Amino acid sequence: MNQFRVRQGLPKLHMHPLLTQEAAQHSADMAEHRVAFGHDGFAQRIAHLQKKIQTAQGGAENVAYNYKTAKIVAEGWIKSPGHRRNILGRYNQTGIGIVRDKSGKLYFTQLFLKA
């Protein structure tokens, strides 16, 4: 994602451990069917992060599943207008969580935040 952002004249995103933790938890929740695939609980995830990171503003999330590699997911997100808008947003922090379910499918979550 950072290579794509830099090619678009934007600064790199910094990996933030709290965003990574939240993204991994959401991927695990989807993989274990505690929540449906999608953005259920997004507002709560962002509110939780904003409490922990007091300078945090805004937020966005991309999710995907059943792709073989993170590279394929990233390429798909870049081609999708909504996902691309998140990638190119005015964010400076990110976290990525990837979890495999019992059948071997991968669940991907990427969170974005400005802090």
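On full extension of the chain, what length is gained from Arg34 through Lys68, given 0.36 nm per residue of separation minus the C-alpha to C-alpha distance?
Values: separation 34, 0.36 × 34 = 12.24 nm, distance 2.22 nm.
The span from Arg34 to Lys68 would gain 10.0 nm if fully extended.
So what are the ³J(HN,Hα) numbers for the stretch 61-73, from phi and the Karplus equation (6.51, -1.76, 1.60; θ = phi - 60°), rounded to whole Hz, Gly and Pro as x?
Coupling constants for the stretch 61-73: 8, 10, 10, 7, 8, 6, 9, 6, 9, 5, 4, 5, 4 Hz.
Considering only the other residues whose Cβ falls under 13 Å of the Cβ of Gly76, what net charge follows from Lys and Arg at +1 and Asp and Glu at -1?
Working: positive: Lys68, Lys71, Lys79, Arg84; negative: Glu75.
Its environment carries a net charge of +3.
Pull out the extension gain between Phe4 and Arg85, defined as 0.36 nm times the separation in residues minus the alpha carbon to alpha carbon distance; nm, one decimal. Kindly include the intermediate steps, with their values, before the conclusion.
Numbers: separation 81, 0.36 × 81 = 29.16 nm, distance 1.22 nm.
Difference between extended and current length: 27.9 nm.
Antiparallel DSSP bridges in the chain: what percent, to the nearest 5? Before the final figure, lay out each step's value.
Working: 15 of 17 bridges.
Bridges in the chain that DSSP calls antiparallel: roughly 90 percent.
Using a basic spin-label model with each label point 7 Å from the Cα along Cα→Cβ, how many nm lie between Ile78 and Phe42?
My value for the distance between the label points is 2.2 nm.
Using a simple charge model, +1 on the beta-carbon of Lys and Arg, -1 on the beta-carbon of Asp and Glu, nothing else, what dipole does the stretch 1-97 show about its Cα centre, in debye to the nearest 20? Walk me through the intermediate numbers first.
Values: 13 positive and 6 negative charges, 90 e Å.
With only Lys, Arg, Asp and Glu charged at Cβ, the dipole is about 440 debye.
If Lys and Arg each add +1 and Asp and Glu each add -1, what is the summed charge of the other residues whose beta carbon sits under 15 Å from the beta carbon of Gln50? Please report the intermediate quantities before stating the final value.
Numbers: positive: Arg45, Lys51, Lys52, Lys114; negative: Glu22, Glu61.
With Lys, Arg at +1 and Asp, Glu at -1, the net is +2.
Go through Lys12/Lys71; Lys12/Lys68; Lys52/Lys114 and tell me which ones have a Cα-Cα distance over 23 Å in this structure.
Values: Lys12/Lys71 17 Å; Lys12/Lys68 25 Å; Lys52/Lys114 13 Å.
Lys12/Lys68, as the Cα separations exceed 23 Å there.
What does the highest-first list of 6-14, 69-77, 104-112 look like by mean Cβ count within 10 Å? All intermediate terms of the calculation are to be shown ahead of the outcome.
Numbers: 6-14: 12.1, 69-77: 15.3, 104-112: 22.0.
Those peptides, ordered most packed to least, come out 104-112, 69-77, 6-14.
So, by mean Cβ neighbours within 10 angstrom, what's the order for 35-48, 90-103 with the highest one leading?
Values: 35-48: 13.9, 90-103: 17.4.
For the peptides 35-48, 90-103, the packing ranking is 90-103, 35-48.
Find out how many positive minus negative residues lie around Tyr91, taking Lys and Arg as positive, Asp and Glu as negative, among other residues whose Cβ is under 10 Å from that of Tyr91.
For residues surrounding Tyr91, the net value is +3.
Classify the stretch 2-114 as rounded, prolate or oblate, taking a ≥ b ≥ c as the square roots of the eigenvalues of its Cα gyration tensor: rounded when a/c is under 1.5, otherwise prolate if a/b is larger than b/c and oblate if not. Intermediate values should be presented prior to the final figure.
Numbers: a/c = 1.97, a/b = 1.17, b/c = 1.69.
In terms of gyration-tensor shape, oblate.
Every number in this text was worked out from the coordinates using simple rules, so none of it is lab data. Treat the numbers as computed from the prediction; the structure is a model and nothing was measured. Methodologically, a virtual Cβ is constructed for each residue, glycine included, from the backbone with ideal geometry; neighbour enumeration extends over all protein chains shown.
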